[in-house]
Amino acid sequence: IERSKKKFRLTREGQVLYDYSKQIVATYESLHNQLQELKDIISGTIRLATIYSIGLHQLQPLVKKFLNKFPDTSTSLEYHPFDKIYEMVARHEIDFGFVAYPVRKPGIVSETFVEENLVFVRSPQQPVIKKKPTVLSDLNGLAFVAFTSNTPTRSAIDVFLRRHGSSPRIVSEYDNVETLKSAVILGIGASIVPENTVRRELAEGSLVSLPIKDLTLKRPLGILYPKSRSFNQTTQFFRDLVLENSPRN
């Protein structure tokens with residue numbers, strides 16, 4: 001390991017040792033799982049990586065349900081930007097990745113497991129749009145809090161707003177939904193977010209949702225895994241649990 005005041009990184013030898021060590025651990029876990037399967041015991045650790053909004057609001061209930069059903073299993077969960085998750089899947093560093101607006105990439109299987117509604121939210125202290133019914137073009141010039149420009153959700157929202165002749169005034173950008181919600185609650189601006197991520201705030205009254213007639217955008221969420229992977233019982237059951245209520249079923 002190379003250490004300095006400004007950086008901490010592996011030497012070339014350290015990187016080789018690290019890469020092979022991960023393979024050794026993965027092989028050991030695979031052997032352990034296979035032996036447990038011969039005893040009809042579902043066990044082992046499932047390695048997951050997800051973006052924040054899925055991990056905090058969609059994935060946690062699924063993981064809890066899986067662990068309750070198979071108490072001899074465990075999960076390792078990491079939070080990363082969407083592009084990092086694709087890289088981790090391609091390098092077989094994780095069993096499953098979770099992203100919004102999944103796309104096809106070489107060597108990676110992506111399956112949509114849910115499509116969630118997006119809703120317009122604002123702080124109760126912000127001025128109310130009085131026009132009824134409200135349409136997206138009524139947001140022109142409105143102070144707006146957005147996801148950062150490099151995220152798939154931001155791209156989809158931008159395209160959708162342009163298509164409906166809507167151009168709110170972006171005053172702040174955030175790379176995850178939790179900090180974005182905090183900005184909206186503080187009254188920095190309104191926003192469009194996945195409905196599932198603001199249920200608690202809407203119930204508490206810290207955020208208010210305004211029905212918009214032509215806001216029909218849905219956000220697909222996808223599960224990713226390597227195309228060349230072979231499932232053991234543990235990973236197969238987990239994938240089936242995630243997809244059991246998917247739009248295609």
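The values are calculated or read from the model by the stated rules, or taken from the named source; none is laboratory data. Fair warning: this is a prediction, and the values are worked out from it, not measured in the lab. Note: ideal-geometry Cβ built from the backbone for every residue, glycine included; neighbour counts use all protein chains shown. SASA here: full protein model, heavy atoms, side chains in, ligands and nucleic acids out. Shrake-Rupley method; radii C 1.70, N 1.55, O 1.52, S 1.80 Å.
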Residues (over 20 Å from Ala100 (Cβ atoms), in a loop (DSSP other than H, G, I, E, B) and either open to solvent by less than 60 Å² (accessible area, probe 1.4 Å) or not aliphatic (A, V, I, L, M) (or both)) located in the stretch 149-199 | His164, Gly165, Ser166, Ser167, Pro168, Gly187, Gly189
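How many residues are part of a strand (DSSP E or B) and either farther than 28 Å from Leu186 by Cβ or not aliphatic (A, V, I, L, M) (or both) when one looks only at the stretch 216-249?
8
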Residue count for the stretch 200-231, restricted to those that are closer than 30 Å to Pro106 by Cα, modelled with pLDDT of 95 or more and open to solvent by 40 Å² or more (accessible area, probe 1.4 Å) | 1
Where a residue in the stretch 118-140 is under 18 Å from Thr197 (Cα atoms) and its partner, wherever it lies, is open to solvent by 20 Å² or more (accessible area, probe 1.4 Å) and of a type in the set (Val, Ile, Thr), with Cβ under 6 Å and at least six apart = Arg122/Val208; Ser123/Ile185; Pro124/Val208
The stretch 74-127, residues that are aliphatic (A, V, I, L, M), buried (at least 16 other Cβ atoms within 10 Å of the Cβ) and not in a strand (DSSP E or B) = Ile85, Met88, Val89, Ala90, Ile94
Just one of (1) in contact with a strand residue (DSSP E or B) (Cβ under 9 Å, 6 or more places away or on another chain); (2) not in a strand (DSSP E or B) trips up Lys213, so point out which.
-> (1)
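Name the single residue, out of those in the stretch 48-73 being in a strand (DSSP E or B) and not hydroxyl-bearing (Ser, Thr, Tyr), that is surrounded by the most Cβ atoms within 10 Å (Cβ to Cβ).
Looking at the filtered set, the residue picked out is Ala49.
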Where residues in the stretch 1-22 are modelled with pLDDT under 80 and either part of a helix (DSSP H, G or I) or aromatic (Phe, Trp, Tyr) (or both), which of them is least open to solvent (accessible area, probe 1.4 Å)?
-> Lys22
